[in-house]
Amino acid sequence: MRTHPSPVAPSKEPPSKEHGRRRVAVRRVRNGLWLVASVVLAAALVLGGYLWSLATAFDGGRNTIVGALPLDKPPRPAAAEKSLNILLMGSEAGNSGSAEAAPDMMMLLHLPGDRSGVYALSILPGTSVDVPGYGTRRLDSAMSLGGVPLTVASVQNMFNTPIDHVAIIDFEGFRGLTSALGGVTVNNGTAFSSGGANGDYFPSGPITLEGDAALNYVRTGQGFTDGDIQQVKNQQAFVAGIVDGMLTRGPLNNAVTARGAISDFAPFLSVDAGLDSRTLGSMAVSLRSMRSQDVHMFALRTSNGAGADGGPVQIADPGQLAGISGALASDTVADYVQAAGSGAD
């Protein structure tokens, strides 16, 4: 019978200290990766719930304006395909989206295609424009004649550019927003008093506004030597202060503060159906690198005139109107503002 030698088991040498250290190191790395993955997952779940909470607060509280945007829009040139135009209006009316809510503040917000900043063009509500179907009238009359869609159409006609979204802020909403920000700091160019029994005095220079004082600051339009123009400057300074406060103090980083601010502010905001939390979130992501110095404000220059009914109107500077219209069409508003310098505002 043929036999086979028994297999010889390989000798087991005791593991070296170096081998043991490698196994411990690998285990630590593996455990570390699991820890990082767990933290990332937890953060994603928390952030997702946080963002969902903010979105719910906004979408549930805002007022939606049905048919806010007219179907007939000027064509958008290929050069401006990725830009966005938003008409922002402010009103003291209780229902800011109603036809009775004549706007006291109007700004055309332009976001260039590369999202390198935000350009806010102030327009005096009394500016003489072509209101579709009604001829030449004051811009603010479009609200009573045809509501938000006619107002949007009138602004589109002014600049021959499409408007993508519209938002109307009831000035009362600023009360809660300024409180949530812990006050809004503005650089007040001209000292003035808001008047009335509960009026406030606003000295020139940096001032902090909150609550009723903030409302009085943006609403006051009387007592200035240059009338509505100074009120526009004050409103621009206030909006700039809000943007700066949001960017530098980051109240949205605090879940309780953020939800409280949105819940308090949303009921005073009327927007088109498409301006929801998803759209705003997309805008926020595209503007994530923006700083306060990237917000540029200028105004449409006007001169005093008389309307067809003999009432006072503001006549837009035709050269500036043409320049801004061309810049919107070519998505070169940044170049226009830079070239115009101080003359842009």
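A compact table of results
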{"quantity": "Ordering of 275-287, 151-163, 312-324 by burial proxy (mean other Cβ atoms within 10 Å per residue, highest first)", "calculated": "151-163, 312-324, 275-287"}
{"quantity": "Neighbourhood net charge (14 Å Cβ-Cβ; Lys/Arg +1, Asp/Glu -1) for F192", "calculated": "-1"}
{"quantity": "Charge dipole (debye, nearest 20) of the stretch 62-344; +1 at Cβ of Lys and Arg, -1 at Cβ of Asp and Glu", "calculated": "520 debye"}
{"quantity": "Residue (of V218, Q236, F202) at the positive-pole extreme of the stretch 62-344, dipole from beta-carbon charges", "calculated": "Q236"}
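Only the coordinates and a few stated rules stand behind these numbers; no lab work does. Predicted model, so just to flag it, every value in this text is computed and none were measured. Quick reminder, even Gly has a Cβ in these numbers, built from the backbone with ideal geometry, and neighbours come from all protein chains shown.
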